[in-house]
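Report on the following structure.
Derivation of every value follows stated rules applied to the coordinates shown; laboratory data play no part. Values in this document were obtained by computation on a predicted structure and should not be read as measured data. Cβ placement follows ideal geometry from the backbone for every residue including glycine, while neighbour counts extend to all protein chains displayed.
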Amino acid sequence: MDSIIARGLSFKACHGVLESEKNVPQLFQVDLELFLDLRAAGQQDELNLTVDYDQVYQLVQNIVEGPSCNLIEGLAEKIAQALLKKFPLQAVEVTVYKPEAPVTGEFQYFAVKIRRMNN
């Protein structure tokens, strides 16, 4: 199956269970893989036969920078469902990274990856 890949979408937002996470913005990064048939877009070289990257970015930005979620699992689910609803996708894979998670110790990030199919 064909796919469009977006990596490292970065936003400052307030998601988490702790009060400090709800009030102090922190970095969140999102990776996407959008699964759809790109044959017609490739053959005809027409934007309206694929997914507009700017529209994808704006949708994800509105969700991440919007109302707070307790869990990055919930944030990933919101993103996946919105993408499936707005675009003609067969499936989507969403990874949400939280590099500033309130965890004692050294780490690069904590992340959640989900894959959802269009019914």
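Quick notes on this structure:
- Among L38, Q26, M1 - extreme Cα towards positive end, dipole of region 1-48, charges at beta-carbon: Q26
- Stokes-Einstein D for the chain, Kirkwood Rh over Cα pairs, 25 °C, 0.890 mPa s (µm²/s): 163 µm²/s
- Degrees separating the helix 72-86 axis from the principal Cα axis of the chain, which is the longest one: 20 degrees
- Size check on region 53-96: the Cα extents along the three principal axes, sorted descending, read 29, 19, 15 Å.
- Residues of type lysines that K113 reaches as a straight line, Cα spacing below 17 Å, ignoring anything fewer than 8 places off in the same chain: K78, K98
- Cα centroid separation, region 15-41 to region 47-94 (Å): 8 Å
- Dipole magnitude of the chain, debye to nearest 20 (Cβ charges: Lys/Arg +1, Asp/Glu -1, about Cα centre): 260 debye
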